Amino acid sequence: MMVGTSDTAPRIGSGRIAVLATPKMINLIEEAALAAVEHLLPDGKQSLGTHVDISHLAATPVGMTVKAEAELIEVNGRKLLFAVRAHDEMDLIGEGRHERVIVTAASFQARIDEKGKSLRT
């Protein structure tokens, strides 16, 4: 992705300097992990992000391109653990671990719908 002003820390409220915001970098990393496994999951299954442990190592200015990669390094039952990295055109800007869990989409959605009903009672 090319960093735009809408991706900067001041725009999303995470800082005052107009560089790529950490939450935006984490979102890009989660997208990479999802893309790495989504096509491998059986019909009706999805993966959900449950944990991130990411270091933001270098600032990226507006106009620079950022790419993220995710390598599946461990499967433990329904849990998937990824080694993740993000780079801009010059530097490694982030790295760490990201965990996702595999769920049955229909039953997960049913639980969320039930939880949402509590807002209407």
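Below, the figures for the structure above:
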| quantity | calculated |
| --- | --- |
| First in the range 28-49 and over 22 Å from residue 7 (Cβ atoms), second anywhere and assigned to a helix (DSSP H, G or I), Cβ under 6 Å, 6 or more apart | 44/105; 46/105; 47/37 |
| Only listed residue being of a type outside the set (Phe, Trp, Tyr), within 12 Å of the chain's Cα centre (by Cα) and at positive phi, chosen from 49, 77, 63, 96 | 96 |
| Tally of residues being part of a helix (DSSP H, G or I) and either touching a strand residue (DSSP E or B) at 6+ places or on another chain (Cβ under 6 Å) or in contact (Cβ under 8 Å) with a residue 24 or more places away in the chain (or both) across the range 10-26 | 3 |
| Single residue of 58, 36 found to be assigned to a loop (DSSP other than H, G, I, E, B), modelled with pLDDT of 95 or more and among the hydrophobic types (A, V, I, L, M, F, W, C) | 58 |
| In the range 11-36, the residues that are surrounded by fewer than 18 Cβ atoms within 10 Å (Cβ to Cβ), hydrophobic (A, V, I, L, M, F, W, C) and more than 13 Å from the chain's Cα centre (by Cα) | 12, 17, 18 |
| Meets criteria (surrounded by 17 or more Cβ atoms within 10 Å (Cβ to Cβ), in contact (Cβ under 8 Å) with a residue 24 or more places away in the chain, touching a strand residue (DSSP E or B) at 6+ places or on another chain (Cβ under 7 Å) and over 25 Å from residue 44 (Cβ atoms)) for residue 86 | yes |
| Filter result for the condition that a residue is loosely packed, with under 14 Cβ neighbours inside 10 Å, among the small types (Gly, Ala, Ser) and under 17 Å from residue 38 (Cβ atoms), over 68, 106 | 106 |
| Among (1) within 28 Å of residue 17 (Cα to Cα); (2) among the acidic types (Asp, Glu); (3) surrounded by 12 or more Cβ atoms within 10 Å (Cβ to Cβ) - the single one residue 53 does not satisfy | (3) |
| Cβ pairs under 7 Å, 6+ apart, first in the range 97-112 and under 14 Å from residue 47 (Cβ atoms) and touching a residue at least 60 places away in the same chain (Cβ under 8 Å), second assigned to a helix (DSSP H, G or I) and not basic (Lys, Arg) | 98/29; 98/30; 98/33; 100/33 |
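So that you can scan it fast, the table gives a plain yes or no per residue for (1) closer than 22 Å to residue 25 by Cα; (2) among the basic types (Lys, Arg); (3) part of a helix (DSSP H, G or I):
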{"residue": "90", "(1), (2), (3)": "yes, no, no"}
{"residue": "94", "(1), (2), (3)": "yes, no, no"}
{"residue": "102", "(1), (2), (3)": "no, no, no"}
{"residue": "106", "(1), (2), (3)": "no, no, yes"}
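The values are calculated or read from the model by the stated rules, or taken from the named source; none is laboratory data. Remember, it's a predicted structure, so these values are computed and weren't measured experimentally. As a convention, Cβ positions derive from the backbone with ideal geometry for all residues, glycine included, and neighbour counts pool all protein chains shown.
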